[in-house]
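Rule-based calculations on the coordinates, nothing more; no lab input. Predicted, not measured: the structure shown is a model, and the values here were computed from it. Here the Cβ positions follow ideal geometry from the backbone for every residue, glycine too, while neighbour counts run over all protein chains shown.
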Amino acid sequence: MTHPKVAFFAARSGEAQAALARLKDRYPHVTPARAEIIVALGGDGLMLQTLHRVMGRDAAIYGMNRGTVGFLMNEWRETGLMERLAAAQRVALSPLLMVARTVGGKIVQARAINEVSLLRETRQTAKISIRIDGRERMDELVCDGVMVATPAGSTAYNLSAHGPILPLGTGLLALTPISPFRPRRWRGALLPRAATVTFDVLEPAKRPVSAVADYTEVRDVASVTVTEDSTHTLTLLFDPEHNLEERILKEQFLP
């Protein structure tokens, strides 16, 4: 039986590095640049880092939890890795593309697997207007911030901000405010995945706002546009008994 070319990538923690050493001793492996499958050892932060590293390449990611939460990871097991990879279910994800324009006129692009968020930089609340596909839907949101989250990221920061959990395959994005002051009872919106969301920062000199795509931050933004980047497809691998669809569904019934 021919096995795929596998590479290993691990977080810097002692637990992840110990797992890396054991797997390298046990299984044949190649460099990440030559791999068809990358086995990521760590937590969800390491998984995001790995996904960003392989963006634009034809390599699938199989994570094993050597971190804390590990929502995007499979259970750690040293044995039977090749059999698990052969039986794994594939999940395709598309990232978000953030195009941010700063107050000084600089344009910065970045991609996000989880979410693009706008956050106030000072003690004063942010004031932000929202356009969907060019049409103004909210003339002024007074808040700590606002985000657009993917289904894969809907159980992360979005959930902490009381946003909805989105099952995979729904074709939706979550538009979620962070600590909204006005309108106070606005809980956000569900948007089609093809929507273009534009945030315009009001009073940017007095109320500066930063934009963050996963872990890429742009300070002092004047406007931010968010779209799904369908030109990039990322592939995650999950054990059949522990697939991502089941985890997202289970998350909605937790106390």
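Descriptive notes on the structure:
- If the segment from Ala86 to Phe181 were pulled out straight at 0.36 nm per residue, it would be longer than the present Cα-Cα gap by 29.2 nm.
- Annotation for region 61-151: GluC sites (Glu not before Pro) lying in DSSP loop with at most 16 further Cβ atoms inside 10 Å of their Cβ are Glu75, Glu78, Glu121.
- If R0 is 25 Å, the Cβ-Cβ spacing of Leu249 and Arg77 corresponds to a FRET efficiency of close to 0.60.
- Between Arg137 and Arg53, residue separation times 0.36 nm minus the direct Cα-Cα distance comes to 26.7 nm.
- The chain: Lys pairs at Cα distance under 24 angstrom, eight or more positions apart or on different chains: 4
- Each residue in Asp214, Asp220 was given a count of other beta-carbon atoms within 10 angstrom of its own, and listing them fewest first yields Asp220, Asp214.
- In a DSSP loop and with at most 14 other Cβ atoms within 10 Å, the trypsin sites (Lys or Arg not before Pro) in region 48-79 are Arg57, Arg77.
- Working from label points 7 Å from Cα in the Cα-to-Cβ sense, the Leu190 to Ile165 distance is 1.5 nm.
- In terms of packing, defined here as the mean over residues of other Cβ atoms within 10 angstrom, the peptides 165-176, 182-193 line up highest first as 165-176, 182-193.
- For region 153-223 and region 93-116, distance of Cα centres in Å: 12
- FRET efficiency, Ala205 to Thr31 (Cβ-Cβ, R0 41 Å, nearest 0.05): 0.30
- Interchain or long-range residues, amide H under 5 Å from Leu141's placed H: Ile128, Ser129
- Cβ crowding within 10 Å, taken as a proxy for footprinting-reagent exposure, orders Met47, Met82 from fewest neighbours to most as Met82, Met47.
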